Amino acid sequence: MVNYRRNRISGDTFFFTVNLKNRQSGLLVENIDLLRKATKNVRHDRPFEINAVVVLPDHLHTIWTLPPDDNDYPGRWRAIKATYTSALRKSGRRLNRNSKGEYDVWQRRFWEHTIRNSTDFQKHVDYIH
């Protein structure tokens, strides 16, 4: 199994790309209110700043800044993905399961990039816009 290395720096700023399992799906924009609510609920329990975000039909890009004493962005992504998936189920959406019995909504991994400086930050904000 691949051992993914994540740059986990408390209070730092990160750019993320998070994808749906089905890259032909429009699930994110079709259910944007559920995604907003899932993100809001996780932010309430585990605060972080959203500096920029774009939600596309099958993936999203966002820049987050974590609190000074916290580096757990993977936990936040797990919570957002789980909350959104649960909300989809409760809304009546039929979801397929994979061979492990997990709902096949999200790709297992996500891509993250640590923002290095103000130029890098602006470059990623411009990319999102």
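The values are calculated or read from the model by the stated rules, or taken from the named source; none is laboratory data. Note that the structure is predicted; figures quoted are calculated from it, not measured. Virtual Cβ from ideal backbone geometry, glycine too; neighbours counted across all protein chains shown.
Return the residues of segment 1-52 that are of a type in the set (K, R), modelled with pLDDT of 95 or more and in contact with a helix residue (DSSP H, G or I) (Cβ under 9 Å, 6 or more places away or on another chain); say none if nothing qualifies. Residues satisfying the conditions are K37, R43, R46.
Every condition in (1) exposed (fewer than 14 other Cβ atoms within 10 Å of the Cβ); (2) of a type in the set (A, V, I, L, M); (3) in contact with a strand residue (DSSP E or B) (Cβ under 6 Å, 6 or more places away or on another chain) holds for A52 except the one numbered (1).
Kindly provide the set of residues from segment 6-32 that are in contact with an Asp or Glu (Cβ under 6 Å, 6 or more places away or on another chain), assigned to a loop (DSSP other than H, G, I, E, B) and not polar (S, T, N, Q), ordered by number. Let's see the steps before the verdict.
To start, the set of residues in segment 6-32 that are in contact with an Asp or Glu (Cβ under 6 Å, 6 or more places away or on another chain) comprises 10, 14, 16, 20-21, 23, 25.
In the following step, the residues that additionally are assigned to a loop (DSSP other than H, G, I, E, B) were identified as 10, 21, 23, 25.
Of everything in segment 6-32, those that are in contact with an Asp or Glu (Cβ under 6 Å, 6 or more places away or on another chain), assigned to a loop (DSSP other than H, G, I, E, B) and not polar (S, T, N, Q) turn out to be K21, R23.
Identify, please: which residue in segment 99-115 is free of Cβ contacts under 8 Å to residues at least 40 places away in the same chain and surrounded by 11 or more Cβ atoms within 10 Å (Cβ to Cβ) and is, among those, nearest to T62 (Cα to Cα)? Looking at the filtered set, the residue picked out is Y103. Within segment 81-110, if we keep just the residues that are within 23 Å of K40 (Cβ to Cβ), touching a Phe, Trp or Tyr at 6+ places or on another chain (Cβ under 7 Å) and of a type outside the set (S, T, Y), the residue that is modelled with the lowest pLDDT turns out to be L95.
Can you say whether K21 is closer than 25 Å to N98 by Cα, surrounded by fewer than 18 Cβ atoms within 10 Å (Cβ to Cβ) and of a type in the set (K, R), as far as the supplied structure shows? Full working, then the answer.
On the way: closer than 25 Å to N98 by Cα: yes; surrounded by fewer than 18 Cβ atoms within 10 Å (Cβ to Cβ): yes; of a type in the set (K, R): yes.
It is true that K21 is closer than 25 Å to N98 by Cα, surrounded by fewer than 18 Cβ atoms within 10 Å (Cβ to Cβ) and of a type in the set (K, R).
The condition of being among the basic types (K, R), farther than 24 Å from R8 by Cα and touching a residue at least 12 places away in the same chain (Cβ under 8 Å) holds for only one of R76, R89, that being R89. Only residues that are in contact with a Phe, Trp or Tyr (Cβ under 9 Å, 6 or more places away or on another chain) and surrounded by fewer than 17 Cβ atoms within 10 Å (Cβ to Cβ) were counted in segment 32-49, giving 2.
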